[in-house]
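Right, one structure below, let's go through it.
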Amino acid sequence: VQAGFFAVDMKCTHLGCMVEWETDSQTLKCPCHAAFFDYQGKVISGPAPKPLPQYKVEVAKDVIYVAGLA
Ligand code: FES
């Protein structure tokens, strides 16, 4: 595992809509019912009952691999 890198599942933990990165606020926003997550997938506000799952990331020969749940 490459230190400092991870991936976050983009499927909202409320009802499964795809979250979107909001550059201005540096948050992940769900457009369906306005859940907000931080860059690590932790719930900031809204109806989402739990954080977005994180995945381990490996980098080898300039290729990024999503390796599994962190
Ligand atoms: Fe994301 Fe409801 S599906 S807040």
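Scanning region 16-47 for residues that are over 22 Å from Gly68 (Cα atoms) and either among the hydrophobic types (A, V, I, L, M, F, W, C) or not in a loop (DSSP other than H, G, I, E, B) (or both) yields Glu22, Thr27, Lys29, Cys30, Cys32, Ala34, Ala35, Phe36, Ile44, Ser45. Considering only residues of region 30-42 that are within 28 Å of Val59 (Cβ to Cβ) and out of contact with any Ser or Thr (no Cβ under 8 Å at 6 or more places or on another chain), which is farthest from the ligand (Cβ to nearest atom)? Among them, the one singled out is Gln40. Does any residue of region 4-15 turn out to be loosely packed, with under 13 Cβ neighbours inside 10 Å, within 14 Å of the ligand (Cβ to nearest atom), within 12 Å of the chain's Cα centre (by Cα) and in contact (Cβ under 8 Å) with a residue 12 or more places away in the chain? No, there is no match, as no residue in region 4-15 is loosely packed, with under 13 Cβ neighbours inside 10 Å, within 14 Å of the ligand (Cβ to nearest atom), within 12 Å of the chain's Cα centre (by Cα) and in contact (Cβ under 8 Å) with a residue 12 or more places away in the chain. For residues in region 48-61 being in a loop (DSSP other than H, G, I, E, B) and not charged (D, E, K, R), which is nearest to the ligand (Cβ to nearest atom)? If we take residues in region 48-61 being in a loop (DSSP other than H, G, I, E, B) and not charged (D, E, K, R), then Ala48 is nearest to the ligand (Cβ to nearest atom).
Report yes if Thr27 is modelled with pLDDT of 95 or more and away from the ligand (no atom under 16 Å from the Cβ), otherwise no. No; evaluated as a whole, the condition is false for this residue.
Please go through region 16-70 and give me each residue that is of a type in the set (Lys, Arg) and surrounded by fewer than 13 Cβ atoms within 10 Å (Cβ to Cβ), ordered by number. Correct list: Lys50, Lys61.
The values are calculated or read from the model by the stated rules, or taken from the named source; none is laboratory data. All of these numbers come straight from a predicted model, not from anything done at the bench. Every residue, glycine among them, receives a Cβ derived from its backbone with ideal geometry; neighbour counts consider all protein chains shown.
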